[in-house]
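A quick write-up on the structure given underneath.
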Number of protein chains: 2
Amino acid sequence: MSLLVVGSIAFDSVRTPYGEVREVLGGSAAYCALAASYFTPVRVVAVVGDDFGDASMAALRRRDIDLSGIEVRQGRTFRWSGVYSDDLNERTTLSTELNVFESFQPKIRQQDVGIPNLFLGNIDPDLQRRVLGDVRPGFAACDTMNFWIEGKNDSLKRLLGGVDGLVINDSEARLLAGELNTVVAARRLLALGLRFLVIKRGEYGAALFAGGHYFAIPAYPVERPVDPTGAGDSFAGGFMGHLARRGVTGGALREAMIYGSVMASFCVEDFSLRRLQDLTQETIETRAVELRQFLSMDEPPAPSRAPATR
Amino acid sequence: MSLLVVGSIAFDSVRTPYGEVREVLGGSAAYCALAASYFTPVRVVAVVGDDFGDASMAALRRRDIDLSGIEVRQGRTFRWSGVYSDDLNERTTLSTELNVFESFQPKIRQQDVGIPNLFLGNIDPDLQRRVLGDVRPGFAACDTMNFWIEGKNDSLKRLLGGVDGLVINDSEARLLAGELNTVVAARRLLALGLRFLVIKRGEYGAALFAGGHYFAIPAYPVERPVDPTGAGDSFAGGFMGHLARRGVTGGALREAMIYGSVMASFCVEDFSLRRLQDLTQETIETRAVELRQFLSMDEPPAPSRAPATR
């Protein structure tokens with residue numbers, strides 16, 4: 001069942017201890033859509049500038065993502081640049097040029113109305129709410145960030161009453177709930193009307209609060225992380241993609257956490273969207289099997305492919 | 001099967017956003033022994049000053065811990081004081097007075113030789129190695145800290161070739177391995193001769209590397225943490241206690257991770273050893289069942305006692 005992803009497409013310039021890239025494809029919608037494309041048909045609604053060019057889109061097009069909802073506007077594409085610390089856990093933004101993204105007005109076409117699944121990437125919650133109202137999807141989840149939590153708190157909280165789920169960073173969840181303890185923060189956020197809440201913890205994995213239950217998984221242990229940019233959006237893509245494929249029934253949310261974590265693990269293994277471009281179902285499934293084993297109480301019978309022993 | 005714990009006993013003064021205590025019972029051996037006492041008979045080898053007094057020992061004695069190996073020396077007991085940040089994740093040491101602990105020489109008695117299980121708390125690795133050689137236990141694990149990693153690296157690495165396992169903080173594991181990536185760090189540490197490695201990640205849980213396998217659990221989600229002091233030592237106590245009770249076979253290491261995490265979760269719910277004093281087997285088992293459920297791929301059938309819904 002199709003998934004509509006609304007969010008940003010950007011040119012990122014990134015420096016990490018493992019190298020540097022300039023003006024490469026990035027943005028929440030790009031990462032999320034590419035990760036989700038291994039699970040379900042994906043459409044993107046976003047905006048780029050007239051400097052974007054068709055070649056920049058190649059990675060997304062090769063995965064048969066429907067790009068007809070990407071608006072090309074006069075001006076420059078959204079640009080972000082940042083640098084990571086030695087352990088990749090700290091990120092410093094060097095520059096943010098919103099450019100055409102500043103006045104982004106997502107255009108929902110007739111064919112998008114009633115789409116079964118919608119992911120509202122991190123944009124102005126006023127826009128997220130308008131899109132949600134226009135699309136009236138079967139199932140919707142969203143992300144957000146500090147800027148909107150602080151600047152448009154009321155609008156954001158109204159949005160959360162209208163979506164099924166929120167997929168958000170640990171620190172942002174605490175800020176949004178006004179509570180430092182994650183468990184208490186989660187209860188407060190669910191009380192806003194959410195069916196589920198996913199808290200992303202970077203290299204420490206992710207936690208799910210849903211239906212009175214708690215579920216937590218470690219990150220898939222990556223030996224050579226290169227660039228964490230887009231990992232959270234790739235998580236959202238794998239998570240939403242699996243739910244779009246299977247439907248939100250029974251243990252599907254827990255399985256979706258596994259696929260979110262798997263797609264995030266691929267994302268960080270190279271700069272930009274490179275590692276997410278040429279995966280296979282088998283590669284993805286192998287990691288999903290391993291990750292399930294990493295949280296199984298039963299020790300596997302024979303040496304597994306656990307990274308510690310390779 | 002009995003467990004011998006060698007480590008520190010201290011008077012701690014602690015300030016957190018939830019209150020303040022002065023000169024309360026603390027130290028790695030105290031936390032570890034008390035947590036382990038719910039699983040197996042425990043003996044302690046440690047040193048205190050002549051200011052310690054028998055009343056200070058009451059919490060340990062009530063749990064039938066064998067305290068006859070605690071040496072009382074002329075002078076003051078080890079004192080530590082510190083303050084925690086609002087989210088309890090940052091700790092600043094205000095003062096450390098080693099006092100009688102500075103010249104601690106663990107005394108191994110005839111009855112301790114050949115004890116089935118030994119936990120070497122965080123003391124000088126030269127002493128840890130001597131104790132290991134004197135005791136010749138069936139099974140041994142140890143902890144350490146930055147001070148010894150930097151100051152006595154060679155001795156520490158020789159120690160790791162002689163014990164079965166290392167139970168250590170995330171940042172210390174990276175420092176000891178000279179490698180920022182946890183997976184690579186773990187492989188390097190195992191190559192020193194360890195059968196298993198436990199990496200403690202505080203509120204993010206803990207990871208086990210053993211026998212070619214990786215296993216990770218979240219922390220038990222505590223709603224009202226009060227004081228994290230001793231949580232890592234309580235983890236070690238629950239972990240070692242379960243192994244002493246069950247023996248190191250099959251999935252015992254994974255089960256031991258569960259009990260380590262459960263005992264750490266009780267520890268942080270009050271200052272000092274208070275919460276660890278009056279637990280029951282049922283209280284412990286209830287949390288262990290919940291924690292296993294938090295990492296089960298199968299969604300529980302009915303609303304569980306997950307903290308988010310209470």
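The values are calculated or read from the model by the stated rules, or taken from the named source; none is laboratory data. Treat the numbers as computed from the prediction; the structure is a model and nothing was measured. Don't worry about glycine lacking a Cβ; one is built from the backbone with ideal geometry, like all the others, and counts go over all protein chains shown.
Within the stretch B:184-200, the set of residues being out of contact with any strand residue (DSSP E or B) (no Cβ under 7 Å at 6 or more places or on another chain) and touching a residue at least 24 places away in the same chain (Cβ under 8 Å) comprises B:Leu192, B:Gly193. Screening B:Ala216 against (1) of a type outside the set (Phe, Trp, Tyr); (2) buried (at least 23 other Cβ atoms within 10 Å of the Cβ); (3) touching a residue at least 12 places away in the same chain (Cβ under 8 Å) leaves a single unmet condition, (3).
Applying the condition of being modelled with pLDDT of 95 or more and touching a Phe, Trp or Tyr at 6+ places or on another chain (Cβ under 7 Å) to the stretch B:101-117 and asking which residue is surrounded by the most Cβ atoms within 10 Å (Cβ to Cβ) yields B:Asn117. Listed by position, the helices (runs of 4 or more DSSP H) contained in the stretch B:246-310 that have at least 1 residues being modelled with pLDDT of 95 or more and within 11 Å of chain A (Cβ to nearest Cβ) are B:252-267, B:281-294.
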